[in-house]
Structures are given as structure tokens and as C-alpha cells.
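The values are calculated or read from the model by the stated rules, or taken from the named source; none is laboratory data. Owing to the predicted nature of the structure, the values given are computational and were not obtained by experimental measurement. Virtual Cβ from ideal backbone geometry, glycine too; neighbours counted across all protein chains shown.
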Number of protein chains: 2
Amino acid sequence: MPDREAAQDQAISAAEDLFYSRGIQAVGMDAVRDASGLSLKRLYQLFPSKEALVLQFLNRRDRQWRQALAHHVDTHTTPEEQVIAVFEWLHTWFSKPDYRGCAFINSFGELGGISPEVVAQARRHKQAFRDYLVALVTATGRPATLGDQLVLLAEGAITTAAITGTSQPATQARDAARLLMLAYSRHDRAHSDGSQ
Amino acid sequence: MPDREAAQDQAISAAEDLFYSRGIQAVGMDAVRDASGLSLKRLYQLFPSKEALVLQFLNRRDRQWRQALAHHVDTHTTPEEQVIAVFEWLHTWFSKPDYRGCAFINSFGELGGISPEVVAQARRHKQAFRDYLVALVTATGRPATLGDQLVLLAEGAITTAAITGTSQPATQARDAARLLMLAYSRHDRAHSDGSQ
DNA sequence: CGCAGGAGAGAACGCTCGTTCTCGCCTCAT
DNA sequence: ATGAGGCGAGAACGAGCGTTCTCTCCTGCG
């Protein structure tokens, strides 16, 4: 049996392309077989069901997405630059020709009403992103409240870029983020906000 | 034939509940029949296919959503209050017990990869919302650029509220909107931004 | 009163899809 | 070399779904 781990990666990688571009329910296991080069038999001995494959796909997507973001952010040094770098990275993401929004938002929209596991996975992913951004923001000495607001800008940019098919929302969000950073750099040092 | 128009409304209304709560592909025409009280035969003489019913559902949702928003905004008088009223209305929307995000974002995530009509419908809806918010913003004497940024806050709040299951994002977005309004009320009167 | 026409209930049809089974082939230990 | 075991290819199976058909009943008009 040639490398169970490698075969799983191969399957998830093929499934990722298909699920992300066409949606989950629109992709049959036959399509995953064709794209991965693995037989149906092998697919089903690597994953007990399609749902398991879907969850693995989301899992891997979460890991890779956050890693790619962190990798770009780490190329900047000051905390302020790192916060802005998040929106720069969004811009390069949106510019990819096959960009079709956030896989977790899409999966939530498609399966959130019938699959609690998908909801939980989406929630975990968004929570992790929030925690990451809030950490970057608090590193600049600003309150977590600002971090939550920047999360909303980022999420809004993600869906708006997907639906309009442009990458412009990233720069709009970045500009708004700059203004909010500025607003929180002034007088918000004395009275605490008591949020989170 | 008792009122073709009324029967269509009945069908679309039933479909709306089902599609919104469970997703589109997860709802069969049998479920629409049971929920609407109409027979399958009647459904198919009212709509040529399920896809037509889906598009009518989105159409109606778009009309009602924008009308409800405008209705609430119109209860306020000054342009500044009206802009903020948008986020107040989002809060009441998010607080509905069966809230599950924006039907257009969800449909886009589910069918955007395989149905150009759904993509077009989502694009129209979001464009109309953008135009509306930008009009409110420019009525305050501020640039359209700010309107685009507030759109991102609203969109981000919509998806974040859906996934986290809280209505808090509405107030976070409202606070951020207030700060951005403030930022644009100061020095941005002399040098134009040349956007839009 | 009788009949034609339309409506509803539900069976039926054809297709798709998730999942499993069959069969033939290749590999490798003895 | 040989037999057994595991693999790939694809057929098969069962369920679900979009769509249509059948049959029966009700209604309304002559």
C-alpha cells in the first residue's frame, strides 16, 4: 500500500480544488476519483465517507490559509505594519484568478443548515482568524475592540470581492483599517472599553 | 384556477423558509409541496423548473429585504442618523432566532460555481445595497469612498453574525461606522479622493 | 342530470450520487 | 513457479430528487 498519508493528501488536494470551485454538493465522489487518480475503493478505505473527506478538506484549508497569512505578516516588523499586511495579503488572495470567496463561508452557506460539524469547523476557523488579528492589534497597544472591527472589514472584503469579482475591496478595507487605527491611537488610552 | 398570483406567492413564501434555513440543494420539490400546500402538478405549472423557483425566491427576498431596510431607515431624519440606522436594523435582523446569514451570500457559496444566474442575482442585490448606502453617505456630504467602507463593515457583520450566532457584530460595525464618519467629517473636504 | 375539463394525490420514470461488490491482474513469499 | 492477497476499473445497488404521468374526483355548464 503506497503511503497512506501521501494518498490522503492527494485525495484532499484534489477535493479541495473541486469543492472550492464548484461547491461541495455539486461534486461527486466520481469527480474526486478522476481528479485524484485514486480508485473509489481506495478513497473509501482512506475516508469512511464523503462527509469525512469534506471535514478533512476544511481542516487542511484552515491550516494552509492561516499559515499563508502568517507567513506574509511575518515579513513585516512593526505591529502597525503587520496589521496592514493582513489586508495586503487579502488583496493578493482576491487577485487569484480562481478566487471564489472563503471556503468556510461558502460551506456554511451550503451546509450550515444541515451539518453541525461544518458549522463548528467554520466557527473554529473564524475564531482563529479573529484571535490572530486581535493579537496583532493589541500588540500595537490598541484595544481588542478595534481588532473585532478590523475582522468585520476583512470578512466584508472577502465576500464583496467574491461576489463582485474584483480585488478592490481589499484596498478599501485597508484604507478603512488605517483610519480606525488612527482613531484608536489618540484619546483611547485613558478610559478602558471593558470589552473581551 | 384560484389566483395564479396568490399561489405563486404561496409557493415562493414556503420555498423561502426552506431554502433559507436548510440551503437550496438540500430542499426537494416534495418539501416545497408539503410546506406550500400546493400539488407538484400545480407547482410545475406555476414555475417551469426548480431553478426558476429559486430565482424567484431570490428576487422576492431582494425586494423585501431592501424594503424592510429602507422602511427602518426612513424613520430617521438626519442623514447621519440614517446611516447609523442601517446598522441598527442589522442588529434587529441578526437577533431573529432563525437568522442564518445573507441568502445571497449563502446561495453564492452553494451555487455560484455552477449557476451564472445565481451569481448575477447576488451581484445585483449587493450592488443595490451598495448604491443605497453610498447614497445615504453622500447625503451627509461625505465621499462615496466612505460608503464603500461602510458596505464592507455591514457585509462583514452579516457573515460574522451568522457564523458566530450572535448579534454583537452589528454594534461593533456601528461603532466602527461612527468612527469612520467622524474621520471623514474633518479634513477630507479640501483634497478630493477621486474614487468612483 | 350528464359530461367534459381541470385539479390533487401520489405513483412512476430517469438520472445522479454515495457506497459496495465483482472480477481480473499484479505482486511477492515460500 | 504458484497460490493467495491486495489493488484498480468499473459495474451494481439503493436511495433521493426533478419532472411527468395516471387516475380519480370534483366542478360547472348544457
Q) In this structure, is A:ILE114 among the β-branched types (Val, Ile, Thr), touching a residue at least 60 places away in the same chain (Cβ under 8 Å) and facing another protein chain (nearest Cβ under 8 Å)? A) no
Q. Is at least one residue of the range A:145-152 of a type in the set (Val, Ile, Thr) and free of Cβ contacts under 8 Å to residues at least 40 places away in the same chain?
A. yes
Q. All but one of (1) free of Cβ contacts under 8 Å to residues at least 60 places away in the same chain; (2) assigned to a helix (DSSP H, G or I); (3) under 20 Å from A:SER167 (Cα atoms); (4) within 8 Å of chain A (Cβ to nearest Cβ) hold for B:ARG130; which doesn't?
A. (4)
Q: Provide a single number: the residues in the range A:135-170 that are of a type in the set (A, V, I, L, M, F, W, C) and more than 12 Å from every other protein chain (Cβ to nearest Cβ).
A: 4
**Q.** In the range B:22-49, residue nearest to DNA strand C (Cβ to nearest atom) [restricted to those that are within 14 Å of chain A (Cβ to nearest Cβ) and in a helix (DSSP H, G or I)]
**A.** B:ALA31
(Q) Restricting to the range A:1-25, and then to whatever is near DNA strand D (Cβ under 10 Å from one of its atoms) and more than 15 Å from A:PHE57 (Cα to Cα), can you tell me which residue is modelled with the highest pLDDT? (A) A:ARG4
Q) Could you list, in sequence order, the residues of the range A:26-71 that are among the charged types (D, E, K, R) and more than 10 Å from DNA strand D (Cβ to nearest atom)? A) A:LYS50, A:GLU51, A:ARG60, A:ARG61, A:ASP62, A:ARG63, A:ARG66
**Q.** Single unsatisfied condition, B:GLU117 versus (1) more than 14 Å from DNA strand C (Cβ to nearest atom); (2) out of contact with any Leu (no Cβ under 7 Å at 6 or more places or on another chain)
**A.** (2)
Q. What do you reckon, is A:GLU88 in contact with a Lys or Arg (Cβ under 9 Å, 6 or more places away or on another chain), more than 14 Å from every other protein chain (Cβ to nearest Cβ) and away from DNA strand D (no atom under 16 Å from the Cβ)?
A. yes
Q | Subset of the range A:67-87 (residues that are in contact with a His (Cβ under 9 Å, 6 or more places away or on another chain) and small (Gly, Ala, Ser)) | A | A:ALA85
(Q) I'm trying to understand the selection: among the residues of the range A:112-143, which are surrounded by fewer than 17 Cβ atoms within 10 Å (Cβ to Cβ) and either closer than 16 Å to A:LEU55 by Cβ or among the aliphatic types (A, V, I, L, M) (or both)? (A) A:ILE114, A:PRO116, A:GLU117, A:ALA120, A:ARG123, A:ARG124, A:ALA128, A:ALA135, A:ALA139
